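The values are calculated or read from the model by the stated rules, or taken from the named source; none is laboratory data. The shown structure was predicted, so the numbers you read here are calculated from the model rather than taken from an experiment. Here Cβ is always computed from backbone atoms with ideal geometry, including for glycine, and neighbour counts include all displayed protein chains. Accessible surface areas use protein heavy atoms only, side chains included; no ligands, DNA or RNA. Shrake-Rupley method; radii C 1.70, N 1.55, O 1.52, S 1.80 Å.
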Amino acid sequence: MALQETVHTGEQAISRIVNGLKDALYCIDATTGEYTYVNPAFEALTGYTLKDINVMGGRIAFDGATRTTG
């Protein structure tokens, strides 16, 4: 099996595991602080998809220090 095939197979296995988790999971880019991935459990818990979060302003949408109350 070629290296690329092995890597691809591993990525598919990890994707199945992560997407099947019952716990919310998200990834944030270490440089920008922006969300890069949310799993289905995160979406079910919060009601937001990754696209929704980006439309709401990304990390700022969940940063309590920058939110205003009204």
What distance in nm separates the two pseudo spin-label positions at residue 16 and residue 3, each 7 Å out from Cα along the beta-carbon direction?
2.5
Leaving out ligands and nucleic acids, note down the accessible area per residue over the chain with a 1.4 angstrom probe, in whole Å².
78
Phi to ³J(HN,Hα) by Karplus 6.51 cos²θ - 1.76 cosθ + 1.60 over the stretch 26-32, Hz, x for Gly, Pro
9, 10, 10, 5, 5, 7, 9
For the chain, averaging the sequence separation of alpha carbon pairs under 8 Å that lie six or more residues apart and dividing by its residue count, the contact order in percent is 20
Excluding ligands, DNA and RNA, the carbon-plus-sulfur percentage of the accessible area of the chain with a 1.4 Å probe reads 58
Could you grab the Rg to Rh ratio for the chain? Cα atoms only, Kirkwood for Rh.
1.11
